[in-house]
Amino acid sequence: MSGRSIGVAVIGAGMAGRAHAAGYRSASTLYMPDLPEVRLVAIADVNREFAADTAKRYGYERAETDWRAIAEARDIDVVSVVVANHLHREIVEGLLAGGKHVLCEKPLAPSIEDAEAMIAAAERSRGRVAAVGFTFRRSPAIAAIKEQVRRGGIGRPIHFNGHYWSDYGCDPRGPISWRYKGGPGSGALSDVGSHLLDAGEFICGPIRSIRGAVLSTVITERPVPLGTVVGHAAAAAISDEREPVENEDLVTFTATFASGATGTFSASRVAFGLPNSLAFELFAEKGAATFDLDRAGEFGFADGAPEAATNGYRQVLAGPSHPYFAKGMAMDFPGCNYSQNDLFVFQARAFLEQIAGLNRLPPCPSLEDGLRNLRLIAAVVRSAQSGREVPVG
Ligand SMILES: NC(=O)c1ccc[n+]([C@@H]2O[C@H](COP(=O)([O-])OP(=O)(O)OC[C@H]3O[C@@H](n4cnc5c(N)ncnc54)[C@H](O)[C@@H]3O)[C@@H](O)[C@H]2O)c1
């Protein structure tokens, strides 16, 4: 920290970069008002216009076009890395060498080798905090379900069935971007499936093996854009030139958890009509829970508590008795909803508390957690390629 304040920067001003920028802006309004002063210092993006717009919109002091300016800046302590996955390693290593605390987006890197090098860089960094952004761990509803499992009231999980379906790849005129490059596993599996895998392990514990994986590429080439592509959105104009799609549009697989529970998973970017559908059902020995991101502020829950005449699934509205909610929302009573955007605020707050040594919220997942997630992705790919059950190693 620079004295008694924390200087913050975000690298990448695309779809998720803006969510990080907004997250740090709101983070000091949450919970106890005892966070050191948070200075919103810089937004960096190779696209000058994006950097300037995001800096102005969210109240950051300056815009940069080169991440190295962030690594070298003396007034910056904490940096989110929110660019394409193949850029994570170089930037994270450079930031750690420059003495910054780093929150890197998921998936941590395109390869296990890259992730191991990033972990080594963190170890060399003399106490800098390096973390990965599995944002959904900050969902009050998902964290509440995890807590019910941890307490043991619904018994041992038996079956986790989850999907993360999105439709951003449905239109064949949707232009090629970094999301469609990088080989098997780097498509829907890494982009949205990484969140689902992390949620599955967050709730049910480690996955032991993967089998029955299928990777499918439905749209095999895409047009080259004439302009800039941001996030999942289509560019305004496309050229006649086309490039091959290098990774999967959808993936399905079965997992066995170390506990013996079964997991059934699918992830897609060609799920027509579903822009952002993360949902799961969890069945345990003595109860069950459901979650659907379309109704982010609630979860379904069933156990043996109510009398038989009124027993069944009940709708639980997230509220102050669940994680992150009390004083995490301006109006913090059940029914005052939150969205995926708020999870970035909870995450930013947790990361800043970690840097400030307050240690009240669960720490952000570590780079080792990011590597673990990549090992799961690699096992899914090996299962698809070999047709065999693959241990997660
Ligand atoms: N946690 C989540 O819920 C979530 C959601 C979306 C994306 N993500 C992750 O965030 C990352 C970024 O995804 P996105 O959708 O925001 O991508 P995006 O393509 O919308 O934005 C990336 C931005 O990086 C900029 N950029 C490219 N090269 C750069 C460089 N060398 N230095 C600085 N800026 C550079 C681009 O100009 C662009 O503005 C990915 O790792 C993705 O997986 C996470």
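Of the beta bridges DSSP finds with both residues in the chain, what % are antiparallel, to the nearest 5?
The antiparallel proportion sits near 60 percent.
Along region 328-341, what does the Karplus equation 6.51 cos²θ - 1.76 cosθ + 1.60 (θ = phi - 60°) give for ³J(HN,Hα), rounded to whole Hz, x for Gly and Pro?
x, 10, 4, 10, 9, 10, x, x, 7, 6, 10, 10, 4, 4
At 222 nm, what value in deg cm²/dmol follows for the chain if DSSP H runs of at least 4 each add -39500 (n - 2.57) and the sum is divided by all its residues, to the nearest 500?
Value at 222 nm, helices only, nearest 500: -9000 deg cm²/dmol.
Would you order 321, 209 from fewest to most other beta-carbon atoms within 10 Å of each residue's own beta-carbon?
Going from sparsest to densest Cβ surroundings: 321, 209.
Where q = 0.06, 0.07 Å⁻¹, what log10 of I(q)/I(0) comes from the Debye formula for the chain, counting one point per Cα?
-0.23, -0.32
Can you run phi through the Karplus equation (6.51, -1.76, 1.60; θ = phi - 60°) for region 368-381 and list ³J(HN,Hα) in whole Hz, with x for Gly and Pro?
Values, residue by residue: 5, 5, x, 5, 4, 4, 5, 5, 5, 4, 4, 5, 4, 5 Hz.
Test of the criteria: in region 245-351, which chymotrypsin sites (Phe, Trp or Tyr not before Pro) are in a DSSP loop and have at most 14 other Cβ atoms within 10 angstrom of their Cβ?
Here the chymotrypsin sites (Phe, Trp or Tyr not before Pro) that fit, given the DSSP loop and packing criteria, are 272, 313.
Scan the chain and hand back the longest stretch that contains none of the trypsin sites (Lys or Arg not before Pro) lying in DSSP loops with at most 14 other Cβ atoms within 10 Å.
174-285
For residue 38, what residues show an amide H to amide H distance below 5 Å, using hydrogens built from the backbone and excluding near sequence neighbours?
6
Which far-off residues, 5 or more places away or on another chain, put their amide H under 5 Å from the one on residue 133, with H placed in the peptide plane?
Under 5 Å from the amide H of residue 133: 104, 105, 106.
Which lysines, on any chain, are close to residue 327 with Cα under 30 Å apart, when same-chain ones fewer than 8 places away are left out?
Cross-link targets: 56, 100, 106, 146.
Explain nothing, just compute: Karplus ³J(HN,Hα) = 6.51 cos²θ - 1.76 cosθ + 1.60, θ = phi - 60°, for every residue of region 97-110 in order, whole Hz, x for Gly and Pro.
Rounded to whole hertz, the list is 4, x, x, 8, 7, 10, 10, 9, 5, 8, x, 3, 6, x.
Which far-off residues, 5 or more places away or on another chain, put their amide H under 5 Å from the one on residue 245, with H placed in the peptide plane?
Correct list: 221, 222.
Where does each of 178, 67 land when they are ranked from fewest to most other beta-carbon atoms within 10 angstrom?
Least crowded to most crowded, the residues run 178, 67.
Would you mind calculating the relative contact order of region 5-135 from Cα pairs under 8 angstrom and at least 6 residues apart, reporting the percent as a whole number?
Relative contact order of region 5-135: 23 percent.
In Å, what is the Rg of the alpha-carbon atoms in region 5-135, and how long is Dmax?
13.8, 41
Each reported figure results from applying straightforward, stated rules to the coordinates on display, with no laboratory input. For clarity, every value in this text was computed on a predicted model and none was experimentally measured. Positions of Cβ are backbone-derived with ideal geometry, glycine not excepted, and every protein chain shown enters the neighbour counts.
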